[in-house]
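Asker: Structure below; questions to follow.
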Amino acid sequence: VYFIGLITSPENKNKLFLTYLFSFIIILLASLRYGVGPDYFNYQYTFNSIEISNLDYLFSSGGNEILFKLIIYFFKTLGFGYDFFNFSLALVSIIFLTRSYIRHSFNPTFSLWIFFCSFYFVWIMSGVRQGLALSIGTYYFLNFFQAKKPGKLIIVTLILSLIHASAIVYIPLYYFSKLKIKYINALFLISIII
């Protein structure tokens with residue numbers, strides 16, 4: 001998959017087709033996996049522990065965020081197993097990322113390849129909740145930032161934080177990204193020190 005992404009990444013006239021092709025290959029990889037990532041079996045345990053006959057677990061304070069539990073509940077109610085659930089979350093994440101790259105990148109295949117090399121196994125294959133929240137969040141962050149609609153971004157971010165709390169990062173990021181470059185550099189240095 002790494003080499004296919006590398007070969008299809010150079011800029012050419014078929015960039016949209018190659019982006020969809022590479023995206024499909026990544027989705028195929030997500031559909032064939034078993035036990036990949038340190039959280040794979042933890043999420044399997046969470047999936048299996050939610051009983052569709054008992055809604056008390058959904059609203060308990062411990063464990064995962066409520067919207068993520070409701071997504072599991074929905075899949076279990078329809079009779080799907082963990083593998084299909086896991087694949088579906090990866091599919092949604094990759095679709096949102098692919099759409100983001102097609103809309104906002106000069107070379108979407110290369111952007112998708114960088115994501116694959118850097119974050120695919122961390123987010124999509126391991127931190128499923130975080131990957132889902134941040135993939136969808138990235139799409140909406142870029143669109144709302146470009147359209148200058150912070151209100152809509154805040155609403156979407158709050159909803160996504162019900163899947164994983166890390167989505168909250170988009171709210172300060174929206175305002176930090178409007179700062180002058182010298183302030184952004186100062187924040188960058190502070191973050192390294194911290």
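Asker: Average the reciprocal distances over every distinct pair of alpha-carbons in region 97-189, invert the result, and give the Kirkwood radius in Å.
Answerer: Taking every pair of different Cα atoms in region 97-189, averaging 1/r and inverting gives 14.0 Å.
Asker: Once Rh is set to the Kirkwood radius over Cα pairs, what Stokes-Einstein translational diffusion coefficient, in µm²/s, holds for the chain at a temperature of 20 °C and a viscosity of 1.002 mPa s?
Answerer: After rounding, the answer is 118 µm²/s.
Asker: Compute the distance in nm between two label points, each set 7 Å from the Cα along the Cα-to-Cβ direction, one at Phe3 and one at Phe24.
Answerer: 2.1 nm
Asker: Moving on to the next point. What percentage of the solvent-accessible surface of region 1-131, computed with a 1.4 Å probe over protein heavy atoms, is contributed by carbon and sulfur atoms?
Answerer: 67 percent
Asker: Between Asp83 and Leu179, what length comes free when the chain is fully extended (0.36 nm per residue of separation minus the Cα-Cα distance, one decimal in nm)?
Answerer: My answer for the length gained is 30.2 nm.
Asker: So with the 1.4 Å probe, I'd like the accessible area per residue for the chain, rounded to whole Å².
Answerer: In whole numbers, the chain has 57 Å² accessible per residue.
Asker: Of the listed peptides 76-82, 161-167, what is their order by residue-averaged count of other C-beta atoms within 10 Å, with the highest listed first?
Answerer: 161-167, 76-82
Asker: What nm value, rounded to one decimal, do you get for the distance between Ser105 and Leu16 when each label is placed 7 Å out toward the C-beta?
Answerer: 1.7 nm
Asker: Can you work out the FRET efficiency for the pair Ile155 and Tyr34, with r the C-beta to C-beta distance and R0 = 41 Å, to the nearest 0.05?
Answerer: Values: r = 37 Å, r/R0 = 0.90.
Working from the Cβ atoms, E equals 0.65.
Asker: I would also like to ask the following. Which translational diffusion coefficient, to the nearest whole µm²/s, is obtained for region 87-127 from the Stokes-Einstein equation, given a Kirkwood hydrodynamic radius over C-alpha pairs, 20 °C and 1.002 mPa s?
Answerer: This corresponds to a translational diffusion coefficient of 208 µm²/s.
Asker: With r as the distance between the Cβ atoms of Ala165 and Ile52 and R0 = 25 Å, compute the FRET efficiency 1/(1 + (r/R0)^6) and round to 0.05.
Answerer: 0.50
Asker: Next question, about the same structure. Once the other residues with Cβ under 12 Å from the Cβ of Asn107 are scored (Lys, Arg +1; Asp, Glu -1), what is the net sum?
Answerer: With Lys, Arg at +1 and Asp, Glu at -1, the neighbours total 0.
Asker: Cα-based count: Lys pairs in the chain below 23 Å, eight or more positions apart or different chains?
Answerer: On the way: Lys148/Lys178; Lys148/Lys180; Lys148/Lys182; Lys149/Lys178; Lys149/Lys180; Lys152/Lys178.
Within the chain, the lysine pair count is 6.
Asker: Mind checking the full-extension length gain between Ser191 and Phe74? Use 0.36 nm per residue of separation minus the Cα-Cα distance, one decimal, nm.
Answerer: Gain on stretching Ser191 to Phe74: 38.2 nm.
Asker: Per DSSP H run of n ≥ 4, the term is -39500 (n - 2.57); total these for the chain, divide by its residue number, and report the mean residue ellipticity at 222 nm rounded to 500 deg cm²/dmol. Could the numbers behind the result be given before it?
Answerer: Details: 10 runs with 131 residues, N = 194.
After summing the helix terms and dividing by residue count, I get -21500 deg cm²/dmol.
Asker: What does the charge add up to near Phe96, with Lys and Arg as +1, Asp and Glu as -1, over the other residues with Cβ less than 15 Å from its Cβ?
Answerer: Charge balance in the 15 Å sphere: +3.
The values are calculated or read from the model by the stated rules, or taken from the named source; none is laboratory data. Predicted, not measured: the structure shown is a model, and the values here were computed from it. Glycine also receives a Cβ, built like all others from the backbone with ideal geometry; neighbour counts cover every protein chain displayed. Keep in mind that these areas ignore ligands, DNA and RNA; they rest on the heavy atoms of the full protein, side chains included. Shrake-Rupley method; radii C 1.70, N 1.55, O 1.52, S 1.80 Å.
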